[in-house]
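Novice: Below are the C-alpha cells for one structure; questions will follow.
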Amino acid sequence: MAWPLDFDARFASEGCPMCRPERAQETEHGIRVLAGRYADAYLCRRGPSGATWWSSGHRGHVAEPTDLSAEEAAGYFAEVLAVSDAVRRHFGARKVNDETLGTTAPHLHTHVTARYAEGDVNPGAPLPKDRDVTLEETRLRADAAALGRLLRPEGR
C-alpha cells in the first residue's frame, strides 16, 4: 500500500472529500446527529461488524489536531466526548473507542466505535478491518433520531 498520489493536495484542503460547503443532514455515508460549533457527527451507514460506528469531523479544513487553537481543540474534543457519551448511553456499550484519524482522508475526524459485552466480533481487541456491514435503514434512522435527542443540550 502507498500514500495516495494526491495526498499532499488533500492535506492542504484541495479536493478534500470531507470539506463540503454545505453540511448535509444526510450523505451517502450517514445521517448527521450533531451539528456542533466545531464538529458534525454522523451515524455511519456502514462500519465494523459488532460495533456502532460514528464519525465526527471538524467543520473547517484542519488536517492535524495540533493545528487547532486551544479553544478549538477544547471545543472539538468536548463535542467528540458528547458523541461518545451518547453512543455509550443509547447502545449500552461496554466500551467506546475514540480514534482520531486522517491517514486516508487528511481531514481531522474522530471515529467513535461502540464495543459490546455480547456479540462483539473481537472482544477485548481491535476490530478487524475486513468485517464491515451495512446497517438496516429503519434501524439506522431510529438510532440516528434517538442519538440526536441525546445530543441536544436538554438530553445531556
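The values are calculated or read from the model by the stated rules, or taken from the named source; none is laboratory data. Here the structure is a predicted model, which is why all the values come from computation and not from measurement. Glycine gets a Cβ as well: all are built from the backbone with ideal geometry, and neighbour counts include every protein chain shown.
Novice: Of the conditions (1) touching a strand residue (DSSP E or B) at 6+ places or on another chain (Cβ under 9 Å); (2) in a loop (DSSP other than H, G, I, E, B); (3) closer than 30 Å to G119 by Cβ, E28 fails just one. Which one is it?
Specialist: (1)
Novice: I'm told P106 meets every condition in (1) touching a helix residue (DSSP H, G or I) at 6+ places or on another chain (Cβ under 6 Å); (2) at pLDDT 90 or above except one. Can you identify the failing condition by its number?
Specialist: Among (1) touching a helix residue (DSSP H, G or I) at 6+ places or on another chain (Cβ under 6 Å); (2) at pLDDT 90 or above, the lone unmet condition for P106 is (2).
Novice: Among the numbered criteria (1) among the small types (G, A, S); (2) touching a residue at least 60 places away in the same chain (Cβ under 8 Å); (3) closer than 24 Å to E26 by Cα; (4) outside any strand (DSSP E or B), which single criterion is violated by S84?
Specialist: (2)
Novice: Of the numbered conditions (1) in contact with a strand residue (DSSP E or B) (Cβ under 8 Å, 6 or more places away or on another chain); (2) surrounded by fewer than 20 Cβ atoms within 10 Å (Cβ to Cβ); (3) farther than 27 Å from E154 by Cα, H107 fails exactly one; give the number of that condition.
Specialist: For H107, the exception is condition (2).
Novice: Scan region 37-55 and tell me whether some residue there is assigned to a loop (DSSP other than H, G, I, E, B) and aromatic (F, W, Y).
Specialist: Yes, the conditions are met somewhere in region 37-55.
Novice: When residues of region 97-106 are filtered for being of a type outside the set (G, A, S) and under 12 Å from the mean Cα position of the chain (by Cα), how many remain?
Specialist: 5
Novice: Taking region 5-29, which residues are within 26 Å of P128 (Cα to Cα) and either touching a residue at least 40 places away in the same chain (Cβ under 8 Å) or hydroxyl-bearing (S, T, Y) (or both)?
Specialist: Passing the criteria: F7, P17, M18, T27.
Novice: When V112 is evaluated against the numbered criteria (1) surrounded by 16 or more Cβ atoms within 10 Å (Cβ to Cβ); (2) without any contact (Cβ under 8 Å) to a residue 40 or more places away in the chain, which criterion, by number, is the only one it fails?
Specialist: Unmet condition: (2).
Novice: Follow-up question, since we're still on this one. Has region 29-47 got any residue that is of a type in the set (D, E) and farther than 30 Å from G155 by Cβ?
Specialist: No, region 29-47 contains no residue that is of a type in the set (D, E) and farther than 30 Å from G155 by Cβ.
Novice: Please state which one of R89, R94 is at pLDDT 90 or above and either β-branched (V, I, T) or closer than 17 Å to P48 by Cβ (or both).
Specialist: The unique qualifying residue is R94.
Novice: Restricting attention to region 118-154, report how many residues are without any contact (Cβ under 8 Å) to a residue 60 or more places away in the chain and either among the β-branched types (V, I, T) or surrounded by 14 or more Cβ atoms within 10 Å (Cβ to Cβ) (or both).
Specialist: 2
Novice: Pick out the one residue from Y76, Y116 that is farther than 30 Å from H61 by Cβ, modelled with pLDDT under 95 and aromatic (F, W, Y).
Specialist: Y116
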